[in-house]
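Here, each number is a calculation from the coordinates, and none is a lab measurement. For clarity, every value in this text was computed on a predicted model and none was experimentally measured. FYI the Cβ positions are ideal-geometry reconstructions off the backbone, even for glycines, and counts take in every protein chain you see.
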Amino acid sequence: MQEDSISLFISDIHLSESRNDLVTAFFYFIDKIAPSADQLYILGDLFDFWAGDDIETPLTLSVAKHLSALADRGTEITFIPGNRDFALGRRYAKSAKMEIAPSEIILKQEGILLLHGDELCIDDHAYQRYKRWIRNPLILTLLRHLPKRYRLELAAKIKRKSGQSTARKIMDVNEHYTTQYFHKRGVSQMIHGHTHRPAIHHHGNEQYRYVLSDWDITGDYLKLEEGKITRHQFKIADFQSLS
Ligand code: MN
């Protein structure tokens with residue numbers, strides 16, 4: 001990464017057909033704000049659910065259109081899968097002109113670890129058990145071969161279940177485990193989403209953990225420029241009149 005390059009980070013947009021306001025805000029962000037950046041990192045849960053690359057909807061097509069236009073203008077787009085859209089595959093990524101990253105990326109020069117964040121929530125035993133099962137490559141391959149109707153039913157079920165757990169709130173990260181994680185990865189900063197608890201946490205001496213907001217009533221993005229991270233918050237409703 002060059003010295004003067006600009007990177008933007010977003011997560012947990014949870015795009016869906018039922019939230020036109022989020023779609024409008026997201027397209028404004030992609031069309032008007034993101035082109036100023038060299039890199040855009042989407043840290044998971046871009047979509048509220050993903051039942052397969054072969055299930056095209058007006059929403060998935062228009063998201064791909066806006067993202068690929070951004071890539072054509074010169075912004076590199078990298079997607080880290082979230083717990084809602086982990087099934088998003090190469091075919092869709094290609095149509096959106098974005099790279100699918102593994103579950104973690106380290107920006108070496110700045111010592112920043114990027115991740116969705118669910119892997120830090122180790123106290124949610126039921127979720128971690130489910131994750132191990134559903135993210136098993138064999139299971140994933142099996143799921144991808146199920147008829148569309150079944151996959152849509154399954155996605156709705158996963159969404160309902162995770163909706164219930166949002167009602168009892170997504171569990172936060174395990175602090176001790178997360179502090180160890182900084183050492184394990186040899187980084188001084190982390191950027192993640194998932195918990196829907198925007199904040200900056202201090203771990204140990206000089207370690208900082210930036211938590212992105214989900215997009216709901218408000219949203220945010222982080223900007224990395226000349227080694228400094230800044231947060232930019234906005235009201236989703238503010239975008240409606242602009243577009
Ligand atoms: Mn999530």
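Some values worked out for this structure:
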read-out	value
Identity of the residue in segment 213-243, under 16 Å from the mean Cα position of the chain (by Cα) and of a type in the set (Asp, Glu), that ends up surrounded by the fewest Cβ atoms within 10 Å (Cβ to Cβ)	216
Options 206, 175; residue that is over 23 Å from residue 37 (Cα atoms), touching a Ser or Thr at 6+ places or on another chain (Cβ under 7 Å) and free of Cβ contacts under 8 Å to residues at least 60 places away in the same chain	206
Residues that are under 25 Å from residue 179 (Cα atoms) and of a type in the set (D, E, K, R), drawn from segment 72-123	104, 108, 110, 118, 119, 123
From the options 155, 126, residue that is of a type in the set (A, V, I, L, M), surrounded by fewer than 18 Cβ atoms within 10 Å (Cβ to Cβ) and within 16 Å of the ligand (Cβ to nearest atom)	126
Meets criteria (part of a helix (DSSP H, G or I) and β-branched (Val, Ile, Thr)) for residue 141	yes
Residue, surrounded by the most Cβ atoms within 10 Å (Cβ to Cβ), within segment 188-208, restricted to residues that are within 20 Å of the chain's Cα centre (by Cα), more than 16 Å from the ligand (Cβ to nearest atom) and under 18 Å from residue 104 (Cα atoms)	189
Lone unmet requirement of (1) surrounded by fewer than 16 Cβ atoms within 10 Å (Cβ to Cβ); (2) over 17 Å from residue 50 (Cβ atoms); (3) of a type outside the set (D, E, K, R); (4) over 19 Å from the mean Cα position of the chain (by Cα) for residue 137	(2)
Residues (of a type in the set (Phe, Trp, Tyr) and either more than 16 Å from the ligand (Cβ to nearest atom) or free of Cβ contacts under 8 Å to residues at least 12 places away in the same chain (or both)) located in segment 211-243	221, 234, 239
Within segment 117-127, tally of residues that are under 18 Å from the mean Cα position of the chain (by Cα) and assigned to a helix (DSSP H, G or I)	4
Single condition residue 94 does not satisfy, out of (1) touching a residue at least 40 places away in the same chain (Cβ under 8 Å); (2) out of contact with any strand residue (DSSP E or B) (no Cβ under 8 Å at 6 or more places or on another chain); (3) closer than 30 Å to residue 5 by Cα; (4) not hydrophobic (A, V, I, L, M, F, W, C)	(1)
Some residue of segment 167-186 being in a strand (DSSP E or B) and surrounded by 13 or more Cβ atoms within 10 Å (Cβ to Cβ)	no
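A quick yes/no check of all residues on (1) surrounded by 21 or more Cβ atoms within 10 Å (Cβ to Cβ); (2) over 23 Å from residue 132 (Cβ atoms); (3) of a type in the set (Gly, Ala, Ser):
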position: 18; (1), (2), (3): no, yes, yes
position: 24; (1), (2), (3): no, yes, no
position: 43; (1), (2), (3): yes, no, no
position: 56; (1), (2), (3): no, yes, no
position: 65; (1), (2), (3): no, yes, no
position: 69; (1), (2), (3): no, yes, yes
position: 95; (1), (2), (3): no, yes, yes
position: 99; (1), (2), (3): no, yes, no
position: 104; (1), (2), (3): no, no, no
